[in-house]
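These notes are about the structure you will find just below.
The values are calculated or read from the model by the stated rules, or taken from the named source; none is laboratory data. Treat the numbers as computed from the prediction; the structure is a model and nothing was measured. All Cβ positions, even for glycine, are placed from backbone atoms using ideal geometry, and neighbour counts span all protein chains on display.
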Amino acid sequence: MEALVNVFNGIIWSPALIYLCLGAGLFYSILTRFVQVRLFGEMISLLFKGKSSDQGISSFQALAVSLAGRVGMGNIAGVAAAIGFGGPGAVFWMWVVAFFGASTAYAESTLAQIYKERDLVTGEYRGGPAYYFEKALGQKWYGILFAISSIIACGIFLPGVQANGVVNATAQVLGEGSVVNFLGMEVGMIRLAALAGILLILAIIIFGGIKRIATFTEYVVPFMAIGYILLALIIMFSNFSQVPEVFGLIIGDAFTAQAGFGAAIGWGVKRGVYSNEAGQGTGPHAAAAAEVDHPAQQGLVQAFSVYVDTLLVCSATAFMILSTGMYNIQGTKPDGEFILQNVDKATEINSPAFTQMAMESVYGTFGNTFIAIAVFFFAFTTILAYYYIAEVNVTYLTRFIGRGAQKSGLFIAKVLIMLMVAYGGLNSAGYIWGIGDIGVGLMAWLNIVGILVIFFIGKPAIAALKDYEAQRKAGVARYTFDPAKFGIKNAPYWEERVRRAEEDKHNIR
């Protein structure tokens with residue numbers, strides 16, 4: 001099975017996907033005239049505008065939910081893996097894919113807002129790639145294909161990676177405990193206890209729906225990200241003399257990497273996309289749930305989330321690991337010879353171990369414990385985001401069948417994700433990461449190809465940006481969006497909103 005996973009990974013994560021991710025980001029950066037730079041200040045101001053409603057969540061809550069998906073194991077274990085397999089230069093390529101990916105995140109999240117709709121059963125806003133593929137491309141089969149792929153990826157493949165990181169980090173701090181036979185496997189009691197705690201809290205939250213998920217992430221995500229970055233900054237300042245050296249190591253190694261140029265860019269892009277999810281098609285689900293006056297507003301907010309994830313949190317991890325020297329670089333030879341070995345060769349690269357060791361070298365036992373706590377919150381909130389994505393796509397597939405089918409589908413999704421969390425928590429890290437990579441790559445292929453085709457058909461995301469900037473320049477009191485002005489069809493929410501506005505004007509007269 002593990003060999004089969006590796007074969008699929010080799011196909012999906014071929015150089016074609018790596019350059020497609022970078023190319024799509026560059027493409028949208030040019031088309032939007034580098035919106036991720038020009039409107040950076042607007043992104044920040046939009047974070048605190050807008051309020052939630054009975055149908056939708058606020059812009060900040062949508063940001064928190066999407067950040068919950070972006071800020072996870074990719075920020076702690078993923079960065080360590082990128083360095084361990086691709087060398088320090090892999091961090092540079094994570095920065096590159098984040099910078100260009102911010103424009104891709106704008107495009108996909110704006111599309112999600114344009115083509116969102118109200119759930120026929122709950123009245124909540126629903127949207128995402130499956131919806132905009134059906135409505136913008138007019139290809140329902142492609143929407144169904146993405147929905148099925150995302151349910152498999154977010155409901156089956158990806159949750160195990162996060163759960164695996166949580167139990168591994170807990171075991172590294174507290175040990176495995178006494179070993180027992182559980183379902184035919186030899187498992188430590190500490191590992192089982194950590195897994196049981198995750199499953200209990202997960203059940204309480206996901207059975208409460210998007211409002212409960214949004215409320216939980218709204219408070220937890222900022223707290224965990226700020227706390228993590230602050231401790232990383234202390235490490236940087238304590239090793240301040242090494243900061244220029246670390247920068248030089250990252251930049252210098254990006255093109256003449258110790259592990260090879262191909263390994264640096266390959267691992268940097270792979271773990272960069274896994275971490276910030278720009279182009280993967282996960283962020284648009286939360287973006288569509290936001291209550292905003294113009295689609296471009298949430299697109300800009302989601303572009304900012306890519307910066308938070310990679311340029312802040314991932315960079316913090318990278319600087320901790322590199323400045324303390326707590327890492328190895330694995331060679332590409334079959335014998336597994338290390339190109340650079342600073343720590344015990346038995347240290348698992350596909351785990352939070354490098355990051356924990358970096359923290360422990362400065363903070364002692366507290367550092368190790370803090371990383372375990374950070375991993376728990378980072379990974380747990382990501383599992384919540386994955387569930388929400390699976391929920392949206394189950395709703396997409398069942399929305400015209402009836403309430404009974406939708407309720408059954410959502411219950412199955414809840415049980416399925418809990419089973420996969422349990423499976424991931426009890427299996428080896430390398431194998432689970434390989435399955436997760438397949439999920440990420442599968443969604444990225446479908447989504448990036450889809451949003452590029454949508455551009456050539458109608459350019460809706462670009463039209464929305466131009467309209468937003470025109471209204472911003474005019475200093476309007478309240479933004480509006482009329483899809484018909486730009487030839488955009490099948491945008492039911494915004495069409496209904498324009499109709500209501502016209503009716504209100506007529507009644508006033």
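Does A405 satisfy being out of contact with any Ser or Thr (no Cβ under 8 Å at 6 or more places or on another chain) and either in the same structural domain as I18 (by TED's automatic domain parsing) or farther than 28 Å from I235 by Cβ (or both)? So A405 fails the test. The residue list G208, G262 contains one member that is modelled with pLDDT under 85, farther than 28 Å from A444 by Cα and surrounded by fewer than 18 Cβ atoms within 10 Å (Cβ to Cβ), which is G208. Is it the case that the stretch 343-357 has a residue that's within 20 Å of P244 (Cα to Cα), modelled with pLDDT of 80 or more and among the aromatic types (F, W, Y)? Looking through the stretch 343-357, none of the residues is within 20 Å of P244 (Cα to Cα), modelled with pLDDT of 80 or more and among the aromatic types (F, W, Y). Against the condition surrounded by fewer than 16 Cβ atoms within 10 Å (Cβ to Cβ) and touching a residue at least 24 places away in the same chain (Cβ under 8 Å), how does G143 come out, does it pass? It is false that G143 is surrounded by fewer than 16 Cβ atoms within 10 Å (Cβ to Cβ) and touching a residue at least 24 places away in the same chain (Cβ under 8 Å).
For the stretch 218-230, indicate whether the set of residues that are at pLDDT 80 or above and over 23 Å from G89 (Cα atoms) is non-empty. For the stretch 218-230, residues at pLDDT 80 or above and over 23 Å from G89 (Cα atoms): present. Selection of the stretch 265-294 for residues being modelled with pLDDT of 65 or more and among the aromatic types (F, W, Y) yields only W267. If you filter the stretch 286-301 down to residues that are of a type outside the set (A, V, I, L, M, F, W, C) and touching a helix residue (DSSP H, G or I) at 6+ places or on another chain (Cβ under 9 Å), you find that the one that is farthest from Y106 (Cα to Cα) is E291.
Restricting attention to the stretch 28-47, does a residue exist that is under 21 Å from A303 (Cα atoms), assigned by TED's automatic domain parsing to the domain that holds W445, at pLDDT below 85 and assigned to a loop (DSSP other than H, G, I, E, B)? Yes, the stretch 28-47 has at least one match.
Among the candidates G441, G409, G404, G425, the residue that is at pLDDT 80 or above and more than 21 Å from G279 (Cβ to Cβ) is uniquely G409.
Residues are listed down the side, and each one gets a yes or a no for (1) modelled with pLDDT of 80 or more; (2) farther than 30 Å from L120 by Cβ; (3) of a type in the set (G, A, S); (4) assigned to a helix (DSSP H, G or I):
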position: S53; (1), (2), (3), (4): no, no, yes, no
position: V65; (1), (2), (3), (4): no, no, no, yes
position: A68; (1), (2), (3), (4): no, no, yes, yes
position: G78; (1), (2), (3), (4): no, yes, yes, yes
position: G101; (1), (2), (3), (4): yes, yes, yes, yes
position: T104; (1), (2), (3), (4): yes, yes, no, yes
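The combined condition, being in contact with a Phe, Trp or Tyr (Cβ under 6 Å, 6 or more places away or on another chain) and assigned to a helix (DSSP H, G or I), is not fulfilled by G165. Would you check if E348 is among the acidic types (D, E) and either under 23 Å from I321 (Cα atoms) or not in a helix (DSSP H, G or I) (or both)? Yes: the conditions hold for E348.
Taken over the stretch 95-124, the criterion of being over 30 Å from F247 (Cβ atoms) and crowded, with 24+ Cβ neighbours inside 10 Å is satisfied by A107, E108, S109, T110, L111, A112, Q113, I114, Y115, K116. If you go through the stretch 277-310 and pick out every residue that is of a type in the set (G, A, S) and assigned to a helix (DSSP H, G or I), you end up with 8. Of everything in the stretch 118-138 that is outside any helix (DSSP H, G or I) and at pLDDT 90 or above, the residue that is nearest to Y307 (Cα to Cα) is G128. Any idea how many residues of the stretch 459-488 are among the acidic types (D, E) and surrounded by 18 or more Cβ atoms within 10 Å (Cβ to Cβ)? Adding up the residues that qualify gives 1. Can you pull out every residue in the stretch 339-389 that is closer than 15 Å to L174 by Cβ and either β-branched (V, I, T) or outside the structural domain of I206 (by TED's automatic domain parsing) (or both)? Residues satisfying the conditions are T365, T369, I371, I373, V375. Look through the stretch 282-291, keep the residues that are of a type in the set (A, V, I, L, M, F, W, C) and in contact with a Phe, Trp or Tyr (Cβ under 8 Å, 6 or more places away or on another chain), and return whichever of them is surrounded by the most Cβ atoms within 10 Å (Cβ to Cβ). The selected residue is A286. May I ask you to verify whether G123 is in contact (Cβ under 8 Å) with a residue 24 or more places away in the chain and at positive phi? So G123 passes the test.
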